[in-house]
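The values are calculated or read from the model by the stated rules, or taken from the named source; none is laboratory data. The structure displayed is predicted, hence computed values, not measured ones. Using ideal geometry, Cβ is built from the backbone for each residue, glycine included, and neighbour counts are taken over all protein chains shown.
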Amino acid sequence: MTRLAIMQALVNAAKPKQTLLSYFGRSQPPPPRPVAPGNLLPTAACFQTTLQQTLTCTSCSYSRPISETFRELSLDFPPLSVRTPRPLVCSCRKPPVLLTVKKEGANHGRQFVKCGQPVNPCKFFEWQDCPPLAPLALTQLLTEHFKPRKVDITCEKCPHGKQATMTCHIQSLPPVLVLHLKRFEVQHATLTKRVDAVDTPVTLDPSTWPLAGIASKPTDRLATTHVPTPLYQLKVDATQVLHGHGAKSGYLLVYVQRDLVLRRSAAQASAPHAE
């Protein structure tokens, strides 16, 4: 071994050992690299949304912001327990009547509703065991998406911080906004699909979305943050209807707006192992 190699080995041995945190982590986030709009990929230029998520410790109020980009906004459905039943209306738009099965059998004592017209009644019939739920509003899902929420995380500055408040702010909006409704969820270790009806407006104004919870005054809203707020118009409404409420096969229904008319096209999809 040469003298130079021995000296280099001694210098390396004198250096402090690097920990996993110092190797993989950063004490300061890297500065954002400037990207010209012309250098973006077509998918990023059309669909990319930039959100700033901030974690604030509930113990010492230390906050840590981070910017993330998304190609779509994935919206969760509210729990079924907070939903209110909608009033029943039969197919002929008349109030139905509530009856009880009096015949002996498996359905004895069950309540059901049917058309109350004495002459030419429609074929409306529903069991009253599970009352139908009111349709959800798309603006309601967006409001819930931007609400602050509690997360379990260890604070970097204080030893007592075990929980933080996460808030979400919009930094930039794309020309084409894609909203993804997360209809599949795990309930009792089983993958199920939410079949809730969602009212989709023809136009969508992002300036009415609260930045951190429900805005109580106009200064809390997006319109005062120097972020362009275009008025979005509904162009494509894709709804996947899966028979049997499974994830193996079904129909993909796409509604495309042309000349203020929603046109429908359907395609069947099935997995190789689906029955």
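Scanning segment 136-159 for any residue that is touching a residue at least 40 places away in the same chain (Cβ under 8 Å) and under 30 Å from VAL97 (Cβ atoms) turns up at least one such residue.
Counting only residues that are out of contact with any His (no Cβ under 8 Å at 6 or more places or on another chain), surrounded by 12 or more Cβ atoms within 10 Å (Cβ to Cβ) and at pLDDT below 85, segment 185-199 holds 3 of them. Here is a check on your reading of the model: is VAL176 modelled with pLDDT of 85 or more and either in a loop (DSSP other than H, G, I, E, B) or surrounded by fewer than 13 Cβ atoms within 10 Å (Cβ to Cβ) (or both)? Judged against the criteria, VAL176 is a match. Do you know which residues across segment 141-179 are within 24 Å of ARG194 (Cβ to Cβ) and either touching a Pro at 6+ places or on another chain (Cβ under 6 Å) or among the β-branched types (Val, Ile, Thr) (or both)? Within segment 141-179, THR143, PHE146, VAL151, VAL178 qualify. Could you tell me whether segment 153-170 includes any residue that is loosely packed, with under 13 Cβ neighbours inside 10 Å, in contact with a strand residue (DSSP E or B) (Cβ under 6 Å, 6 or more places away or on another chain) and modelled with pLDDT of 85 or more? Scanning segment 153-170 turns up no residue that is loosely packed, with under 13 Cβ neighbours inside 10 Å, in contact with a strand residue (DSSP E or B) (Cβ under 6 Å, 6 or more places away or on another chain) and modelled with pLDDT of 85 or more. Of all the listed residues (LEU222, LEU211), the sole one being at pLDDT below 70, touching a His at 6+ places or on another chain (Cβ under 7 Å) and surrounded by 15 or more Cβ atoms within 10 Å (Cβ to Cβ) is LEU211. In summary, HIS169 fulfils each of the numbered conditions (1) touching a Lys or Arg at 6+ places or on another chain (Cβ under 9 Å); (2) over 14 Å from LEU75 (Cβ atoms) with the single exception of condition (1). Could we say that ALA137 is loosely packed, with under 14 Cβ neighbours inside 10 Å and at pLDDT 85 or above here? Answer is yes for this residue. In this entry, GLU68 is excluded by the filter for residues that are more than 22 Å from the chain's Cα centre (by Cα) and either modelled with pLDDT of 90 or more or among the acidic types (Asp, Glu) (or both).
The condition of being at pLDDT 75 or above and in a loop (DSSP other than H, G, I, E, B) does not hold for SER74.
So that you can scan it fast, the table gives a plain yes or no per residue for (1) part of a loop (DSSP other than H, G, I, E, B); (2) modelled with pLDDT under 80:
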{"site": "SER81", "(1), (2)": "no, yes"}
{"site": "PRO87", "(1), (2)": "yes, yes"}
{"site": "CYS90", "(1), (2)": "yes, yes"}
{"site": "LEU99", "(1), (2)": "no, no"}
{"site": "HIS108", "(1), (2)": "yes, no"}
{"site": "LYS123", "(1), (2)": "yes, no"}
